[in-house]
Amino acid sequence: MSQALTRRTILKTAAIGAAAATFSCRTAAQTPPKVVVVGGGFGGATCARELKRRGLAVTLVEASAVYTACPFSNAVLAGLRPIEAQQFKLDAVEKAGVDIVQKMATGVDPQTRRVALEDGSSLDYDRLVLSPGVDIRFDALPGYDEAAAAIMPHAWKAGEQTLLLRRQLEAMDDGGTFVMAAPGNPFRCPPGPYERASLIAHYLKTHKPRSKLLILDAKDSFSKQRLFQAAWQDFYPNMIEWVSLSTGGKVIEVDAKTKTLVTDFGRHTGDVVNVIPPQRAGRIAQVAGAADRSGWCPIDPVTFESRLQPNIHVIGDASIAGGMPKSAFSANAQGKVCAAAIASLLRGEGPTEPKLINTCYSLVAPDYGISVAGVYSPRNGVLTDVEGAGGTSPVNAPPSFRAQEAVYAEAWFQTTTSEVYG
Amino acid sequence: MGRGRLASALTLGSMMSMAVTMMAEAVPAAAQGVAPPGATACSGCHGPVAPGAAVAPLHGRPSEEIVAAMQDFRTGQRPATVMDRIAKGFTDEETRAIASWLSQQP
């Protein structure tokens, strides 16, 4: 009896197994794995090209026809560079074989592995990469909403906001005051506010030398601080004033009508006011359930797969990448590592433990560059600085060294944008 | 009966693994070999060969040359702005693997 049953069971199971195998084979032959990437910035465009280079079918979803890059946008503010030098199209990415869908991604269903688009259509995926950058938090600083941003620009997403702040600076009288509110950590481009202050001071020194620049900061220290402050003393003495958190620098409220920033210690009114508000991961990451309560996305440091949603990877500014700063260089490096990991996972192999590099240049003046670099590897589940490596440019260096770093800064921008968009 | 269950489990298991293998074959391997850890980050600054490039191109350069440069950056024998800080993040073994991969890139 048991023998007969057994034989029947074997036959039945084998039949199911064969059917399953046949089905899988047909599925595999007709529909190779699909990867969808959301976001055409440095992270997303890099990752999409790299996935394609590895032979995968990739769709890149990006709502904008033109991408305006943030690195060097501070030079646009200072009148040192046209905005066009910051703008890139996805034509070359498409030519490389990536399918471009120029629509807004509005939703993600991690269960059915489907991305919803603004027009009601959808895209299925086996693996999804989110590289949405940051969203400005218009709910974090009382008084600072989208209407206020039209009066006191953030200019922390390059484009119209950059041009608006530029026009305001141009219209400011000599002897005016430029006030900036700098956010607490973490935020996009940690040295960015201080590079911005430097290059605006350069513009003021050149064109409106009686003007002042005040930075109200929600932090007590910042990236490349010693280098910036030493250079400010040399280049812009008595022009830049930095107020730290502990000396009352944190802006707690703003009044757009009077261009006033309020701290616990007083009110500061400027002729031109730049509010760099708190940020969080781009909206699609929140919608997908990939962001935690901090507003950013926890990830596995080997694959950049979300800790919250399987089959969804998060790279670039939106991710919590441990020691790696939110920079274009980081996003580019992460895009490549993430693509390699996805290719391995789809082949059924374990991904290799990666090592990543970041290098961020800042300009203090047109021919004066400084940098911070780091090398990172996963340790205890977090991307961690490799000890003994990285750090900032030396504090004592001759002008030739600073000039060389300014050249390398521009060279980095040209090389990386041609790798991603060229 | 026990043996029967085992046999059917094996049959199903092997068929499933066959399906996984077939699925995996739909994903081609990388064209120019697998990049060792850290290697893909170099092209952020070191671009393709171009006239007047401010940063030295690395693709296709002899492996020994890259290894020697990295060692000299690490010890400070070769002056640098940023490569001294980056070279210190890689062991000899890692550097050799990266150099070998870079030398094979078109």
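Note on the range A:32-88: residues that are within 14 Å of chain B (Cβ to nearest Cβ), over 19 Å from A:THR162 (Cα atoms) and not small (Gly, Ala, Ser) total 14.
Residue-wise test of (1) charged (D, E, K, R); (2) more than 30 Å from A:ASN311 (Cα to Cα).
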| site | (1), (2) |
| --- | --- |
| A:GLU84 | yes, yes |
| A:ILE100 | no, no |
| A:PRO110 | no, no |
| A:GLU118 | yes, no |
| A:SER131 | no, no |
| A:PRO142 | no, yes |
| A:ALA147 | no, yes |
| A:MET152 | no, yes |
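So is A:VAL395 more than 10 Å from chain B (Cβ to nearest Cβ), surrounded by 15 or more Cβ atoms within 10 Å (Cβ to Cβ) and more than 20 Å from the chain's Cα centre (by Cα) or not? Considered against the rule, which asks whether it is more than 10 Å from chain B (Cβ to nearest Cβ), surrounded by 15 or more Cβ atoms within 10 Å (Cβ to Cβ) and more than 20 Å from the chain's Cα centre (by Cα), A:VAL395 comes out as no. The sole residue among A:THR352, A:THR303 that is closer than 24 Å to A:LYS34 by Cβ, at pLDDT below 95 and surrounded by fewer than 24 Cβ atoms within 10 Å (Cβ to Cβ) is A:THR352.
If you check B:ALA50, B:ALA54 for being among the small types (Gly, Ala, Ser), farther than 19 Å from A:VAL337 by Cβ, surrounded by fewer than 16 Cβ atoms within 10 Å (Cβ to Cβ) and at the interface with chain A (Cβ under 10 Å from one of its Cβ atoms), only one passes: B:ALA50. Return the pairs, sorted by first residue and then second, in which the second residue is among the acidic types (Asp, Glu), the first residue lies in the range B:78-106 and is away from chain A (no Cβ under 12 Å), the beta carbons are less than 6 Å apart, and the residues are 6+ apart or on different chains. Final answer for the pair search is B:ARG78/B:ASP72. With respect to the conditions (1) of a type outside the set (S, T, N, Q); (2) closer than 29 Å to B:VAL34 by Cβ; (3) more than 10 Å from every other protein chain (Cβ to nearest Cβ); (4) crowded, with 24+ Cβ neighbours inside 10 Å, A:ILE342 falls short on a single one, namely (3). Residues being within 12 Å of chain B (Cβ to nearest Cβ) and at pLDDT 95 or above are entirely absent from the range A:13-31. Scan the range A:103-127 for residues that are under 23 Å from A:LYS52 (Cα atoms) and part of a strand (DSSP E or B) and the total you get is 10.
Taken across the range A:82-102, residues that are basic (Lys, Arg), in a strand (DSSP E or B) and either surrounded by fewer than 18 Cβ atoms within 10 Å (Cβ to Cβ) or outside the structural domain of A:CYS338 (by TED's automatic domain parsing) (or both) do occur, with at least one present. Restricting attention to the range B:25-37, does a residue exist that is of a type in the set (A, V, I, L, M), over 26 Å from A:THR352 (Cβ atoms) and at pLDDT 50 or above? Within the range B:25-37, not a single residue is of a type in the set (A, V, I, L, M), over 26 Å from A:THR352 (Cβ atoms) and at pLDDT 50 or above.
The values are calculated or read from the model by the stated rules, or taken from the named source; none is laboratory data. These figures come from a predicted structure and were not determined experimentally. Backbone-built Cβ (ideal geometry, glycine too); neighbour counts: all protein chains shown.
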